[in-house]
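This report concerns only the one structure given below.
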Amino acid sequence: DVSAVNLAKSSIRGRLNARNPRDLLRDRKDPVKRAAVASVLRPGTGGPEVLLIRRAEHPRDPWSGHMAFPGGRQDPEDADLLATAQRETLEEVGLDLGGADLLGRGDDLEAIARGKRAGLVVRPFVFWAPAAETGPFDATEVAEALWAPIAPLLRGERDTTFPYEHEGRRLTFPAYDVEGRIVWGLTHRMLTALFARLR
């Protein structure tokens, strides 16, 4: 029952840490690329909101123009994937997560791009940042940023589908409609996994 879901910060932290998240990188032998994203939450008038970005259009980017979380690939200088999520968020949307409260992390996911495994594992971290505001965007990476209320997404009020053509086949993927922006693919999978934990 979504109406009974407690979206208070302490409850979100408790549910995220009730079990160990799936770790696809431990004992990994193949040279997989690593990335991290930040699911940044802040309190809103109707409950928590989550930060989403629309990626800038790039012909060589398999996720060009997609709705996403701020984040990206791990740099050699990053101490760990948490540092990657924090650095990328600062670079992409000017939001410093140094003072934010890390609530936990979600399950690792293997990225799929254009119907194929991308050889990339993405680790999502969930932050609580009460006064979060995005700063100037890196326009080469981010076209826009917006804050989406979680409650309507949890209640299924933003559920939709996304049609996608791949190698001559027309496929339909589950998605969320956030103010006319369609959230599908990897970000939809991460949000759905987060919501499953919150329920």
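A few notes on this one:
- Residue count for the stretch 185-199, restricted to those that are on the phi < 0 side of the Ramachandran plot and either in contact (Cβ under 8 Å) with a residue 60 or more places away in the chain or of a type in the set (Asp, Glu) (or both): 10
- Some residue of the stretch 89-103 being polar (S, T, N, Q), within 23 Å of ALA148 (Cβ to Cβ) and open to solvent by 60 Å² or more (accessible area, probe 1.4 Å): no
- Search result, residues across the stretch 48-65 that are at pLDDT 90 or above and either open to solvent by 20 Å² or more (accessible area, probe 1.4 Å) or over 17 Å from the mean Cα position of the chain (by Cα) (or both): GLU49, ARG54, ARG55
- Residue that is modelled with the lowest pLDDT [pool: residues in the stretch 169-199 that are more than 27 Å from ASN20 (Cβ to Cβ) and basic (Lys, Arg)]: ARG169
- When residues of the stretch 104-126 are limited to those that are more than 23 Å from ILE182 (Cα to Cα) and within 14 Å of the chain's Cα centre (by Cα), the one most open to solvent (accessible area, probe 1.4 Å): ARG105
- Taken as a whole, the structure leaves GLY135 outside the set of residues that are under 14 Å from the mean Cα position of the chain (by Cα), open to solvent by less than 30 Å² (accessible area, probe 1.4 Å) and of a type in the set (Gly, Ala, Ser).
- Condition met for THR84 (of a type in the set (S, T, N, Q) and touching a residue at least 24 places away in the same chain (Cβ under 8 Å)): yes
The values are calculated or read from the model by the stated rules, or taken from the named source; none is laboratory data. Worth saying up front: this structure is predicted, and the values here are computed from it rather than measured. Positions of Cβ are backbone-derived with ideal geometry, glycine not excepted, and every protein chain shown enters the neighbour counts. Side chains included, ligands, DNA and RNA excluded: accessible areas come from the protein's heavy atoms. Shrake-Rupley method; radii C 1.70, N 1.55, O 1.52, S 1.80 Å.
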